[in-house]
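Notes to accompany the following structure.
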Amino acid sequence: MALLVPSAGLQTGTWENLVSKTTEGVRVTIYDQEYNMKGELDAEYIQKLAKFLDDKMRSIAARTRTVDSLRVAVLAGLNLADEYHQLKAKYNSTHNDLDEKLGECHEMLDQMLKFTD
């Protein structure tokens, strides 16, 4: 995982490294707050993450009528954690189903090969 660090010494976060390293700063705006980010991610990808988070926070603020940015950020974090865990569970279930089907195919192939001997 790549480390994405606000250059102003704010709290750090991690995201999967999808592109190249960014050594200069990238200015992003999240929920009307500007941050200069530095990290091992592509500048365009950092902007995409910031827009995604900003959109999520604005959506939550509109639905809950909450104006406190910390509360909105916590709710956005919980919402994103829920989405992540649901997707992870779906991935694990699909992976297990595929493993099971692969095992069945392997067993059928073994039986066919024994039959042809």
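Rule-based calculations on the coordinates, nothing more; no lab input. Note that the coordinates shown come from a computational prediction; the quantities given were computed from them, not determined experimentally. Quick reminder, even Gly has a Cβ in these numbers, built from the backbone with ideal geometry, and neighbours come from all protein chains shown.
Okay, here's what the table says:
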{"quantity": "Hits among lysines - C-alpha to C-alpha of residue 90 under 30 Å, sequence gap 8 or more where chains match", "calculated": "48, 51, 56, 101"}
{"quantity": "Extended-chain gain in nm, criterion 0.36 nm per residue less alpha-carbon gap, residue 101 and residue 32", "calculated": "19.9 nm"}
{"quantity": "Virtual spin-label span in nm between residue 83 and residue 62, 7 Å along Cα→Cβ", "calculated": "1.4 nm"}
